[in-house]
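Single-structure report; data block below.
The values are calculated or read from the model by the stated rules, or taken from the named source; none is laboratory data. Please read all numbers here as calculations on a predicted model, not as lab measurements. All Cβ positions, even for glycine, are placed from backbone atoms using ideal geometry, and neighbour counts span all protein chains on display.
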């Protein structure tokens, strides 16, 4: 499993999987961003601490959402997932940047997905 970094774009190489209904391998752009990134703010201490504690879980969730979308393209483009101490706001958007690049997996040419996923992580805290 790929461990994602906070506020960094990653490319997920998804192989063909006939069992899941994924007919062609592809490359999907994803990012997990802190809530201030949209406003050009650095992540807060809470953002960094939360992501550090849950990075493996969040990375797994992101990859499963991408696989789920490729297997079942009708899933909503926007939804919220709740973790133990965070929310992930998922947003799927059109993506044209990968069309200018050639991706290969061994000798196989891999197409870039026409959509990307943006996950905004919001730390949550109990009032204990």
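Would a scan of segment 63-72 turn up a residue that is closer than 25 Å to residue 19 by Cβ, over 13 Å from the mean Cα position of the chain (by Cα) and either free of Cβ contacts under 8 Å to residues at least 24 places away in the same chain or surrounded by fewer than 16 Cβ atoms within 10 Å (Cβ to Cβ) (or both)? For segment 63-72, residues closer than 25 Å to residue 19 by Cβ, over 13 Å from the mean Cα position of the chain (by Cα) and either free of Cβ contacts under 8 Å to residues at least 24 places away in the same chain or surrounded by fewer than 16 Cβ atoms within 10 Å (Cβ to Cβ) (or both): present. Restricting attention to segment 34-47, the residues that are touching a strand residue (DSSP E or B) at 6+ places or on another chain (Cβ under 7 Å), assigned to a helix (DSSP H, G or I) and within 18 Å of residue 9 (Cα to Cα) add up to 1.
Looking at this structure, is residue 20 surrounded by 13 or more Cβ atoms within 10 Å (Cβ to Cβ) and part of a loop (DSSP other than H, G, I, E, B)? Answer is yes for this residue.
Table: residues versus (1) touching a strand residue (DSSP E or B) at 6+ places or on another chain (Cβ under 8 Å); (2) in a loop (DSSP other than H, G, I, E, B); (3) at pLDDT below 95.
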| residue | (1), (2), (3) |
| --- | --- |
| 31 | yes, no, no |
| 57 | no, no, no |
| 60 | no, no, no |
| 65 | yes, no, no |
| 73 | no, yes, yes |
